[in-house]
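To keep things clear, I will list the structure first and then write my remarks on it.
The values are calculated or read from the model by the stated rules, or taken from the named source; none is laboratory data. These figures come from a predicted structure and were not determined experimentally. As a convention, Cβ positions derive from the backbone with ideal geometry for all residues, glycine included, and neighbour counts pool all protein chains shown.
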Amino acid sequence: MTSTHYTILGLAGLLAMTEKQETRPDPDFLFFPVAPVAQIHSLVLQLQQSQWWNPERLLAYQMEHIRILAQYAAATTPFYADRLDSIIDLKSGELTLDAFRQIPVLRREDVQVAGERLFSSKPPEEHGQLQDVRTSGSTGRPVHVKTTALAGRINSAVSLRYHFWHRRDLTAKNLTIKNMPANAKPKTGVNWALGYTSRDSMVYNVATPHKKLFDLLIREDPDYLCCFPSTLWELIHRSKELGIKPGRLREVRTVCEVLSDELRGLCREQWNLPVSDNYSSEEFGIMSVQCPDHPWGHVQADKVLVEVLDDEDRPCEAGTLGRVVVSSLHNFATPLIRYELGDYGELGPACPCGRGLPVLRRIVGRKRNLVVLPTGEKIFPLFDSEPVIFSMPVRQYQITQKSVDLMEMRLVANRPLETEEELRLSEYYGRNFGYPFQFKFVYVDEISRSAGGKFEDFVSEVE
């Protein structure tokens, strides 16, 4: 195979463009025009068709992309020199899912130890400028990878498809609240969807005090809000406290943290607004976005292959929680094949909407978010839809498991809770944790976010 063939990203269409063919390439692959914005919008049109492919066709598409990526990785990435021997000699159409699953799972510590050995020594020039991506290290183990401009364009196309699914007006006013460098200033007059000019949209830092963010939300009165679930909770609480609701807001989009059914219901109850969610990471970009017809996500199988595995690295059945393992189809700069993200999730059966994209029913958190019961069993807490704590003067809370029978609840509250209120909370969370834990209440002025701006409402310190 010549180096020219490696320019296809696993996409026959780009090969056709590179070799200056006049005919339209195989419709099962994505075709790339030359101009970046045109590429993205061309991709969106194709993605609007590929979403309806049946699972067998999608899997064949993914296997061919993985086969090409693996061959390129083995040839140019030192880490993969002898890791992919079982598949690198396979011809087009020969890679099966069973053979793919023989590739060892790539752990976070593997990536850290490998360092630059995981970077391609010769990333395809046609994929554009390289970009460094560093995770925030919320697990305590930050990771450094490289990606390409072309992989970024594919991510942008998937993002646009998400907007189209939910029929958003991309010229309307949007407020995004996200993690930004400490010294970064708010951005105003920005566009929030590539190729669309929006009206006075803004980007603010999630570290901004929630009272100031709420004042901004009311004053600017955007059509759309994009924020962390924890920020949404604070804004809704402030809204109830003041008796003021956003006037023009049509929809809330949440990112970066786990969105609970409790919070989704709270937003509907207090603001009469829908919440849509997506699942993404620094390493892979968007991996799943919410179905326009149902409250679960669709894996963006056009760009990533997502597995959910048990503790023995075997695939979990739909409806069973397991470890999320992801493979990128298009990042030739740092090939990530069967990379364990550290999250726990659950796949679901085929979606009634008719899309062939796999269903990701939920992401529940990381290992540190597991409740450890006195029996030694570990479970993820599942909360009732009734937001008990919202009826109390609590602006922010975080529960930390200190031992197998003790939970510490840290509260940012307008006043200390009455004994009866503390008892109600203890009973509510004990019921959802599956054990009548002892609760210790601690009142604080502030609960800090992680380096990446994220906030977790439950963390266990018990191994």
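Looking only at residues in the range 232-260 that are modelled with pLDDT of 95 or more and either among the hydroxyl-bearing types (Ser, Thr, Tyr) or at positive phi (or both), the one that is surrounded by the fewest Cβ atoms within 10 Å (Cβ to Cβ) is Gly243.
Please specify each residue of the range 219-231 satisfying the condition of being at pLDDT 95 or above and under 20 Å from Asn414 (Cβ atoms). Listed by number, the list is empty, since nothing qualifies. For the range 203-231, the tally of residues that are in contact with an Asp or Glu (Cβ under 7 Å, 6 or more places away or on another chain) and surrounded by fewer than 19 Cβ atoms within 10 Å (Cβ to Cβ) stands at 0.
Within the range 352-366, the set of residues being crowded, with 18+ Cβ neighbours inside 10 Å and not basic (Lys, Arg) comprises Gly356, Leu357, Pro358, Val359, Leu360, Ile363, Val364, Gly365. Tell me which residues, restricted to the range 403-436, are under 16 Å from Ile447 (Cβ atoms) and either of a type in the set (Val, Ile, Thr) or assigned to a strand (DSSP E or B) (or both). Hits for the range 403-436 are Met407, Glu408, Met409, Arg410, Leu411, Val412, Ala413.
Per-residue answers, yes or no, for (1) within 23 Å of Glu109 (Cα to Cα); (2) assigned to a helix (DSSP H, G or I); (3) in contact with a helix residue (DSSP H, G or I) (Cβ under 6 Å, 6 or more places away or on another chain); (4) modelled with pLDDT under 95:
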| site | (1), (2), (3), (4) |
| --- | --- |
| Val44 | no, yes, yes, yes |
| Trp52 | no, no, no, no |
| Arg57 | no, yes, no, no |
| Phe79 | yes, yes, yes, no |
| Asp85 | yes, no, no, yes |
| Asp89 | no, no, no, yes |
| Gly93 | no, no, no, yes |
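With respect to the conditions (1) in a helix (DSSP H, G or I); (2) in contact (Cβ under 8 Å) with a residue 12 or more places away in the chain; (3) closer than 24 Å to Ser288 by Cβ; (4) not small (Gly, Ala, Ser), Arg268 falls short on a single one, namely (2).
When the range 430-457 is filtered for residues that are in contact with a Lys or Arg (Cβ under 9 Å, 6 or more places away or on another chain) and either aromatic (Phe, Trp, Tyr) or modelled with pLDDT under 85 (or both), the ones remaining, listed by number, are Phe441, Tyr443, Gly453, Phe455, Glu456.
Per the listing Asp89, Asp110, the residue uniquely out of contact with any Cys (no Cβ under 9 Å at 6 or more places or on another chain), closer than 28 Å to Arg366 by Cα, free of Cβ contacts under 8 Å to residues at least 60 places away in the same chain and not aromatic (Phe, Trp, Tyr) is Asp110. Does Asn414 meet the test of being surrounded by fewer than 16 Cβ atoms within 10 Å (Cβ to Cβ) and either over 27 Å from Gly243 (Cα atoms) or at pLDDT 85 or above (or both)? When the stated conditions are applied, Asn414 passes them. Looking only at residues in the range 261-280 that are at pLDDT 95 or above and among the small types (Gly, Ala, Ser), the one that is nearest to Trp233 (Cα to Cα) is Ser276. When Ser281, Ser230 are screened for being touching a Leu at 6+ places or on another chain (Cβ under 7 Å), within 21 Å of Thr135 (Cα to Cα) and not basic (Lys, Arg), only Ser281 passes. Considering Ser230, Ser288, the condition of being touching a Gly at 6+ places or on another chain (Cβ under 9 Å), touching a residue at least 24 places away in the same chain (Cβ under 8 Å) and outside any loop (DSSP other than H, G, I, E, B) is satisfied by Ser288 alone.
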